[in-house]
Structures are given as structure tokens and as C-alpha cells.
């Protein structure tokens, strides 16, 4: 389908909860490629078409993304049915560089780490600016198709009644926000250093894995950047120093972001609300995974921590609060359900 017969193909180690099989394709004198095989029945053909259409649009308009490649038949997505089971296949150009973790979280020689923070914001800002003009042929779903009161009531057990109340309140707050083209559009919805490569010669970031992309608030992606930024100072025992670092970190991110797109101060003031939304996503994703896999419902230390922050209205993921421990970051005692 893709002319990859002469490539050396090896599977990329999957992460827990992953919904795809991913393979790296290497060949001397040719661009490396990534095959993604999606086999879970939780997404439709239209979902996949909406994703790859968006990726192609971003690439063609200057977004720093890993482009989706046409098959020999000119398709962005191939569908295969075998033994009455349907799988979907797409191939991407492999992003230049490597993951931060593959470089042991060392940034490139001779450049300040603030350059990375700035570039991270700049790349995201470009994607959001392009999304503001995006008119899909096959639209993706909306954030609120997944995160709504009815779904929360079905998914979260009654034993976590306070959590259910807090999640519904949070959703109502999010639903009440303005959804104009400058605040609401296609977002990545999983923007973190596990989903982009860095060229350590130039600092250029290339984004991939739009599997969770949806129509939502641009602030959600920025809140994801904030929550993943805590990793740079999570072992600092002084809460005031952690706060100072996060202010400087996010200021660098926003400088890069604003170099590509406009965002109102009134929108940025919603950051604490959207950090809560990222906690909700973590909780919902974990409960859905347990449900889909027939696992016994339980809350590990991290999910218990997220629940505690929401139940007690602790802002900023508790990072500046007494609940946080630099010796056991983002952990709280396990909860029975």
C-alpha cells in the first residue's frame, strides 16, 4: 500500500493504555516513516479521517507537524477488513530529532533551556493560529461530546459522589465560556514532550500524535503545557521557589505563543480553570480504561491526588499547596471505590 517493502520495520514500544500499534520504518537514502495501525473499535472511520485531514492541513499551511503521507492509491487513510474486524492504517513522515526523554532531558549544547520553553509556545501558537481558519470537510468531535454531565454520571461510581458534583460543576463552568474563533477550535489535546520530537541541532519542535485532537478551548492545550512544566521543578522543596519558577517558565512559553497568535489577558486568567480540566481528563481517561479492560475500579496514588485537588478546590494541581510533597510528587493515599 505504501511501497515500504525495502524498509527495515520495527515496532515502537507501546505505552500502557495505548490504542494503536506503531512501527518505525528505516531505509538508507530515504526519509524515515511511521506506520500507525489502529485496531480498537472505539473510533470510527470518520474520526480518523478528521484527524488526518487536520494534520495535512496544518502541514500544508506551515505547521511544524509530522505530515501524513498518501498511500499508493492516493488515500490519507487505508481501511482493511480481516475476519470481520476492521483496522485503519496511516503512515507519517517521521519527525526529525528525538524525544526529550531519549536525550535524558538535556537540552541542546550552548542554548538556554528558556529557548525550549519559548519554542514550545511558539509551535503551539502557530497550530492554534492555523486552527482559527480551519474549515474541515470531515469534522472531529467536540470536547463536550466526551465531557458532559450524563457521561460523568455513568462513568464515575456513586461512591465518589463529591467528585461527581465537582466534575459537573467544572463542566458547567467550561460550557459557559465564550466559544468564538479566537478561543475555541481544533486543539491537540495531548500536547506534551512525549508527542513531539526536538531537533537538538536547531531546537526545532515537530509535533505528532493527533489521535486525541478535538474541537475545544485553546486554553486547554496551554494548561497542558503548564501541567507538564512542573516536571522541571517538582523536587524543589520550597513552594515559593516552585511558584517563581512556574511564573518564569510560563512567561517564556507565552512569549513564544504570542509571537504566532493573539490571546486576551482575560482568557489567560482562565488558566486555573483549565488546569482543573486537565485533571478531569486524567481521571476520566483512567476510569474509562479500567471500564474498557474489565479492570477492578481503583484509584492509584496519582488519580487519588487529582481527585483530592478537585474535591477540595485546590488550584494549580496543588503544586503550591501543602498537599504537595517533593519527595512523592503528585501522590496521595490510594482510595477504595
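We did not get these values from a lab; they are worked out from the coordinates using the rules stated. Please read these numbers as outputs of a predicted model, since none were measured by experiment. Cβ: placed from backbone, ideal geometry, glycine included. Neighbour counts: every protein chain shown.
Descriptive notes on the structure:
- Between 148, 282, 83, the residue with the greatest mean-square fluctuation in the GNM of the chain (Cα pairs under 10 Å linked by springs) is 83.
- Per-peptide average of other Cβ atoms within 10 Å, ordering 188-200, 313-325 highest first: 188-200, 313-325
- The Stokes-Einstein estimate for segment 8-93, based on a Kirkwood radius over Cα pairs and taken at 20 °C with 1.002 mPa s viscosity, is a diffusion coefficient of 154 µm²/s.
- Cα gyration tensor of segment 92-197 - equivalent ellipsoid semi-axes, whole Å, descending: 34, 21, 14
- Note on segment 226-327: the alpha carbon radius of gyration divided by the globular reference 2.2 N^0.38 Å gives 1.23.
- For the chain, the relative contact order comes to 17 percent (Cα pairs under 8 Å, sequence separation of at least 6).
- Packing here is the average count of other Cβ atoms within 10 Å per residue, and on that basis the peptides 245-255, 230-240, 120-130, highest first, run 120-130, 245-255, 230-240.
- Considering only 109, 178, 158, the mean-square fluctuation computed in a Gaussian network model of the chain, springs between alpha carbons under 10 angstrom, is largest for 109.
- Prolate/oblate/rounded call for segment 173-237, Cα gyration tensor, a/c under 1.5 rounded: oblate
- Contact order normalised by residue count of segment 8-93, Cα under 8 Å, 6+ apart, percent: 26 percent
- Residue exposure proxy: 59, 39, 210, 215, ordered by other Cβ atoms within 10 angstrom of their Cβ from fewest to most, comes out as 39, 59, 215, 210.
- Using R0 = 30 Å, the C-beta based FRET efficiency linking residue 101 and residue 293 works out to 0.70.
- Cα-only Debye scattering, the chain: base-10 log of I(q)/I(0) at q = 0.09, 0.13, 0.14 Å⁻¹: -0.51, -1.12, -1.30
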